[in-house]
Amino acid sequence: MRIHGMMCLLLSVSGIACASSQADQVRDARMEQIDAQTVARTRVIEERQDAREEAIEQNYDSAKTNVDNSKRGDKDAAQNMLETSEERALFQSKSVGRLETIRVRMDAARKKLEMAEPARRQQLSRELDAVEKEYQHMQQEVQAFPNAPEENWQASMEALDSQLTHLNTRVKSVTGFIEGE
């Protein structure tokens, strides 16, 4: 009788361990699926950004050629203005691409959060909500960037770049906590 009781206990414990292991496998597979989707969406963003930048460069090359071929006396000033304008457009395109990539990572973090331990889910959800607010603020900053005054443009560009880097770091950090790292 005692052996029978021990066998039942052993089978129960191994069944629980197996179920836990299987749940971990399902969770890991779902995480990998989310990561694969994130990579695919990021590649699409990169392709769009490359196309945008190529179009910007072609547009400005054409405009510069038109200025060179014109009979204007202020060609140098017009060329400088075009170069500055092109630099702004390219920076904004890169910033938009970075924001889109951050959005994809935030979406992945939200999906992964659904699989987090319930005890940590609420705290991580609040952190992700705070990151979302910062993201929305950054969207507004990037949209307003072309209107940055010329005299502060370099400083504005560096500040925006730094803020995007900080936001990306926060998203990676939250994702790491969600994944249990």
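The values are calculated or read from the model by the stated rules, or taken from the named source; none is laboratory data. These figures come from a predicted structure and were not determined experimentally. FYI the Cβ positions are ideal-geometry reconstructions off the backbone, even for glycines, and counts take in every protein chain you see. These accessible areas exclude ligands, DNA and RNA; they are computed on the full protein's heavy atoms, side chains included. Shrake-Rupley method; radii C 1.70, N 1.55, O 1.52, S 1.80 Å.
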**Q.** Percent accessible area from carbon and sulfur atoms, the chain, protein chains only, probe 1.4 Å
**A.** 53 percent
Q: Starting from the residue with the highest accessible area, list Glu150, Glu86 in decreasing order, probe 1.4 Å.
A: Glu150, Glu86
Q) Which listed residue (Ile178, Thr101, Trp153) has the Cα farthest towards the positive end of the charge dipole for the chain, taking +1 on Lys and Arg C-beta and -1 on Asp and Glu C-beta about the Cα centre? A) Ile178
Q: Using only C-alpha atoms and all pairs of different ones, pull out the Kirkwood radius for the chain in Å with one decimal.
A: 20.3 Å
Q) When Rg is the radius of gyration of the Cα atoms in region 31-129 and Rh is its Kirkwood radius, what does Rg/Rh come to? A) 1.29
Q. For the chain, with every protein chain kept in place, what is the accessible area per residue (1.4 Å probe, Å²)?
A. 66 Å²
Q) Considering every Cα-Cα pair within region 102-155, what fraction, in whole percent, is farther apart than 18 Å? A) 48 percent
Q. What aspartates and glutamates sit close enough to Lys71 to cross-link, taking a C-alpha to C-alpha distance under 20 Å and skipping anything fewer than 8 places away on the same chain?
A. Asp61, Glu83
Q.
Give me the Å³ per residue figure for the convex hull around the C-alpha atoms of region 47-103.
A. 46 Å³
Q. Size of the dipole of the chain about the Cα centre, Lys and Arg at +1 and Asp and Glu at -1 on the beta carbon, nothing else charged, in debye to 20?
A. 1020 debye
**Q.** Normalised contact order of the chain, rounded percent, pairs of Cα under 8 Å and 6 or more residues apart
**A.** 25 percent
Q. Which angle between 0 and 90 degrees, to the nearest 10, do you get for helix 153-179 versus the longest principal axis of the chain when only C-alpha atoms count?
A. 10 degrees
